[in-house]
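Beneath this line is the structure, given in structure tokens, with notes to follow.
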Amino acid sequence: MLNHNQLTLTEIDKTILESYKTLVVGLANYLGDGYELVLHSLEDVDRSVIKIVNSYTGRKEGAPITNLALSMLEKIENEQHGDYISYFSEKNGMHMKSTTIAIRGERNRVIGLLCINFNM
């Protein structure tokens, strides 16, 4: 796996991630309150959440990336699943169906993740 603790984003990478914020808000509005949408930047995994809507896992903007998200990223990178992976998980007693989608930037590097969690 790439060392995402040391990922430096270009200005184009940052613009790409910034453009996803509107997508996150629009999808959350369309899908409704049962869906948590989390946008991660991999530039700083200790403060990776750059946008979150309908947070029922207790995370806020500026929160670190979870070990689960990092493990999904590793699967995406190493197991050739394509740029997304769907799975079932549990957090704080909530059963969720989740999808982690890689966001690629300049030079086709993974620069962020869009995570969608459905509270079942």
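The values are calculated or read from the model by the stated rules, or taken from the named source; none is laboratory data. It should be emphasised that the depicted structure is a prediction, and the values quoted were computed from it without experimental measurement. Note: ideal-geometry Cβ built from the backbone for every residue, glycine included; neighbour counts use all protein chains shown. Only protein heavy atoms, including side chains, enter the accessible area calculation; ligands, DNA and RNA are left aside. Shrake-Rupley method; radii C 1.70, N 1.55, O 1.52, S 1.80 Å.
Summary table
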| quantity | calculated |
| --- | --- |
| All positions within the stretch 38-95 that are touching a Leu at 6+ places or on another chain (Cβ under 6 Å) and farther than 15 Å from ILE111 by Cα | VAL53 |
| Condition met for GLU74 (within 25 Å of THR8 (Cβ to Cβ), in contact (Cβ under 8 Å) with a residue 60 or more places away in the chain, more than 10 Å from the chain's Cα centre (by Cα) and outside any strand (DSSP E or B)) | yes |
| Unmet criterion (only one of (1) open to solvent by 20 Å² or more (accessible area, probe 1.4 Å); (2) charged (D, E, K, R); (3) within 13 Å of the chain's Cα centre (by Cα)) for GLU36 | (1) |
| Scan of the stretch 45-64 for residues that are among the hydrophobic types (A, V, I, L, M, F, W, C) and either loosely packed, with under 15 Cβ neighbours inside 10 Å or over 23 Å from GLY34 (Cβ atoms) (or both), ordered by number | VAL45 |
| Total residues in the stretch 1-28, condition surrounded by 13 or more Cβ atoms within 10 Å (Cβ to Cβ), part of a helix (DSSP H, G or I) and modelled with pLDDT of 95 or more | 12 |
